[in-house]
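Colleague: Supplied in structure tokens, the structure appears directly below.
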């Protein structure tokens, strides 16, 4: 391209207007009615800034329309904890047997961790017998090699659809007895050959599952089986449904001694979990089941299945260990509350048995309990002040022990100041402490701010204060419960006989009551002044 042609092209480009390109200046020059005009054409108004747009102006704050704002009626009516049972109606004998059974289980688990080979000793012996040395394998016939290969694929057994292989000899190879721990284990873990053969959800799978469950329960050692280990065996829902039907229909409850049920790493879904829940909810089926393992299924268990399982577990009085990652909030609470309740029942059963046999040892009292025991016994004259503010040791006391701390001042003659703040003291403590105030003659200052006294507790405290003859400063402000108006009106009457309180801290809303209390403290202050004057005159 020569210089002349290049110059002519540039001149042509200057004459031809650009298409599709607008400069920033041209854009600002455009004043469209719907665009608001150019930036420079807008006049900035001085003074107050315009109000911001309320993006929530057209929305409604309806809690009923928000799923997370309000619980559903179904959730409100759902029971989250086991039903309370009268202790006199509990079968403490069975519960003590369950406690001993669980203790043996923990010992057995410890032993298996120390000696992992003992649990599978029987299977290893059989495998050793059937193993073919490598130097003779080449000399086998072709048919025998194919047969051995098929055995390796299908678990070493010819799994026929008619279930003819399900005999006593088949189950005997998976049964392990442990006389030391009184346990019989059916260990079918990692035996996936059966349901690899029947892996389709059809009538053939259901039929083999029914035959398997029926043959297992008919085995002579079935009533003694305590452990059912069937993890990583590709178990489908059909197996649990068949096992559930057999156990529910059995007169003996089906596996009556079953303690551990391990169904981890299978393909169980909602139908199988529903069938399992029926057995758990029935008190006659698996009454000794304590450990249930369902983790690591091929697909996550649905929330509907979790709900059914959680409701069923509430009916169990034996389960203490459940291996399952629960996503739903309500089923999770149901499972946790049931486990906590059942573990506590086992603890009570041990204590009741020890008390019955005379082997119960008294619990050693902690430092806080011993401190108030000393106050009650009045044996340490050096304790003149009790100052506890949010003390964790005190907060760890049981409700009965907290009540005892209030009653410990009834017989004490050394403590002059009590400050117990932010300790969640309730009405039971207030009643015990109020009785102590009525007879105590050494306390001078009492501060019980920031606790949980209701109207009942406040009346009990002020009733005791009304007859007290030593306290001059009494503070009960900032309680977590509001004092009812009807209880406020009684306060002046309760303090009518008191002549010593000159500083009174109590939260009342009625102005008339406040005036009466101020008048009462002023009268007591004047009364104390007159007593001091009379005492001086007697000395002179």
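FYI, it's all coordinate maths here, none of it is from the lab. Just so you know, these numbers come straight off a predicted model, no measurement behind them. Heads up, the Cβs are rebuilt from the backbone with ideal geometry, glycines too, and the neighbour counts pull from every protein chain shown.
Colleague: So if we plug the beta-carbon distance of residue 485 and residue 522 into 1/(1 + (r/R0)^6) with R0 = 22 Å, what FRET efficiency do we get, rounded to 0.05?
Modeller: 0.40
Colleague: Same structure, new question: Over segment 248-338, what is the mean sequence separation of C-alpha contacts under 8 Å (at least six apart), divided by residue count, expressed as relative contact order in percent? If you can, show how the numbers build up before the last one.
Modeller: Working: 154 pairs, mean separation 28.5, N = 91.
Dividing the mean separation by the residue count of segment 248-338 yields 31 percent.
Colleague: What number, in percent, do you get for the relative contact order of segment 367-539 if the mean sequence gap of Cα pairs under 8 Å and at least 6 apart is divided by its residue count?
Modeller: It rounds to 16 percent for segment 367-539.
Colleague: Still on this structure: Say each of residue 512 and residue 167 gets a label point 7 Å from the Cα, pointing the same way as Cα to Cβ; how far apart are those two points in nm?
Modeller: With each label point 7 Å from Cα toward Cβ, the separation is 9.7 nm.
Colleague: Distance between Cα centroids, segment 231-284 to segment 330-398: provide it in whole Å.
Modeller: 40
Colleague: According to a simple spin-label model (label point 7 Å from Cα along Cα-to-Cβ), what is the distance in nm between residue 478 and residue 356?
Modeller: 5.1
Colleague: Related question: Which peptide among 338-344, 525-531 comes first, and what is the full order, when sorted by highest mean count of other Cβ atoms within 10 Å?
Modeller: Order by mean packing, descending: 338-344, 525-531.
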